Amino acid sequence: MLIPLIRTLILYFFIVFSMRFMGKRQVGEMQPAELVITILISAVASVPMQDIELPLVHGIIPIITLVSAEVIMSSLSLKYPRLRTMISGRPITIIRNGNIDQKAMQSLRITIDDLMEDLRLKDVYDLRTVKLAQMETNGRLSVLVDSKHLPPTAADMGISAADSSPFRVIISDGKLVDKSYADKPNKHKWLQKTINAKGAKTVNEVFLLAYDEQSSVIFAKKENG
Amino acid sequence: MKIRLVISVLSLILAVSLGILSAEYTDNLCSGLSRQVRAAADKRDAVMLQQAQEQWQKRVPLLSTFIPHGHIDRLTETLVRASEFLKNDELSEFDAEIGCAIHQFGVIGKYDCLSVRALF
């Protein structure tokens, strides 16, 4: 009982480290080669996990080999664009100026339903408004909508809009995330003053406190005290 | 990225080096023990066979880290059986077990060596 447990834990940490080492992206953003490597690693690791007759090295060496090969190939493909094209392929244009390239769709084996679904996910419901749609090498569709059909921005209208900056969470579920406001002058005083002003006495009573560079505050008190 | 690349290349070099070393070590160990077992069998020398068996047992933990345990266990059992047959003067069975052990030494000795059979 203990042996499979320990072997599985060793392989688990080894796989997690390997994936971190590869700097993997999320499954949906992976290039074909990266997806293959990820699937292979999980398949390779499962064999010595289940079969304790096999030395653990028989699982670890293939993983080291796959991860190293992946890192070396991705480094080489950064340097050599031709190799990158060979491994990852290149983006294929499916729609240009509202016209569908049927040949491209056939070569990608995409149905019109798939294409319409991808467009809807990009908030595009009328393909005539699409200036350019490309199937990227990671299998995602990128869409450029014709500027005539885009809502005007503040810059288009020549008006100035207030600057915005991302909110930083300071208190999350009663716990102080100290690093996020380390740059704030007199931070402890400011924090106490802010939560008191919002009706809380201590950090424990706060569910969420976030602030942005303009010192706007988002505050939520814990419902159960 | 450069550090990762260096670590990857070093890992591959280390894996290849360990592979070559382990293959060399196993081959030498198995051919040495195989000769010893053959000599013990020719002389019907139970002590010599016992020594070979003990040497084998000492190497089992290290060998188990890179050779499937089934291969190792089979050879261990064969050596034990051969030893028992020799003690009981059952020489034809003893010779058969020795033949089997020498074959298994050959299989384990060549386990990590590059060969068409192993590669494909």
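The values are calculated or read from the model by the stated rules, or taken from the named source; none is laboratory data. Note that the structure is a prediction, hence the values are computed from the model and not measured. Ideal geometry is used to build each Cβ from the backbone, glycine not excepted, and the neighbour counts take in all protein chains shown. SASA here: full protein model, heavy atoms, side chains in, ligands and nucleic acids out. Shrake-Rupley method; radii C 1.70, N 1.55, O 1.52, S 1.80 Å.
For the stretch A:137-154, enumerate the residues that are of a type outside the set (S, T, N, Q) and in a loop (DSSP other than H, G, I, E, B). Listed by number, the residues that qualify are A:139, A:140, A:146, A:150, A:151, A:152.
Rundown of residues vs (1) among the hydrophobic types (A, V, I, L, M, F, W, C); (2) under 22 Å from residue B:23 (Cβ atoms); (3) out of contact with any His (no Cβ under 7 Å at 6 or more places or on another chain), yes/no style:
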{"site": "B:71", "(1), (2), (3)": "no, yes, yes"}
{"site": "B:81", "(1), (2), (3)": "no, no, yes"}
{"site": "B:87", "(1), (2), (3)": "no, no, yes"}
{"site": "B:92", "(1), (2), (3)": "no, no, yes"}
{"site": "B:97", "(1), (2), (3)": "no, no, yes"}
{"site": "B:100", "(1), (2), (3)": "yes, no, yes"}
{"site": "B:106", "(1), (2), (3)": "no, yes, yes"}
{"site": "B:110", "(1), (2), (3)": "no, yes, yes"}
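Does residue B:7 count as open to solvent by less than 40 Å² (accessible area, probe 1.4 Å), in a helix (DSSP H, G or I) and not basic (Lys, Arg)? No, not satisfied.
Residue pairs whose Cβ atoms lie under 9 Å apart, sitting 6 or more positions apart in sequence or on different chains, and linking a residue in the stretch B:1-22 that is at the interface with chain A (Cβ under 8 Å from one of its Cβ atoms) and without any contact (Cβ under 8 Å) to a residue 12 or more places away in the chain to a partner that is of a type in the set (Asp, Glu) and part of a helix (DSSP H, G or I), are B:8/A:70.
Scanning the stretch A:90-136 for residues that are among the basic types (Lys, Arg) and assigned to a helix (DSSP H, G or I), which turns out nearest to residue A:150 (Cα to Cα)?
The qualifying residue nearest to residue A:150 (Cα to Cα) is A:128.
The single condition among (1) open to solvent by less than 70 Å² (accessible area, probe 1.4 Å); (2) within 12 Å of chain B (Cβ to nearest Cβ) that residue A:20 does not meet is (1). Residues of the stretch A:44-63 that are in contact (Cβ under 8 Å) with a residue 12 or more places away in the chain and under 29 Å from the mean Cα position of the chain (by Cα): A:44, A:45, A:59, A:60, A:62, A:63. Within the stretch A:51-69, identify whether any single residue is more than 14 Å from chain B (Cβ to nearest Cβ) and either surrounded by 13 or more Cβ atoms within 10 Å (Cβ to Cβ) or among the charged types (D, E, K, R) (or both), and answer yes or no. Scanning the stretch A:51-69, I find no residue that is more than 14 Å from chain B (Cβ to nearest Cβ) and either surrounded by 13 or more Cβ atoms within 10 Å (Cβ to Cβ) or among the charged types (D, E, K, R) (or both), so the answer is no.
Every listed requirement among (1) touching a strand residue (DSSP E or B) at 6+ places or on another chain (Cβ under 7 Å); (2) more than 23 Å from residue A:107 (Cβ to Cβ) is met by residue A:164 save one, (1). All of A:32, A:81 fail the test of being under 23 Å from the mean Cα position of the chain (by Cα) and more than 14 Å from chain B (Cβ to nearest Cβ), apart from A:32. The C-beta contact set for the stretch B:74-91 (first residue at pLDDT below 95, second residue surrounded by fewer than 17 Cβ atoms within 10 Å (Cβ to Cβ) and not in a loop (DSSP other than H, G, I, E, B), distance under 6 angstrom, 6+ apart or interchain) comprises B:85/B:93; B:86/B:46. Among the residues of the stretch A:108-128, the one identified as basic (Lys, Arg), within 23 Å of the chain's Cα centre (by Cα) and surrounded by fewer than 11 Cβ atoms within 10 Å (Cβ to Cβ) is A:120.
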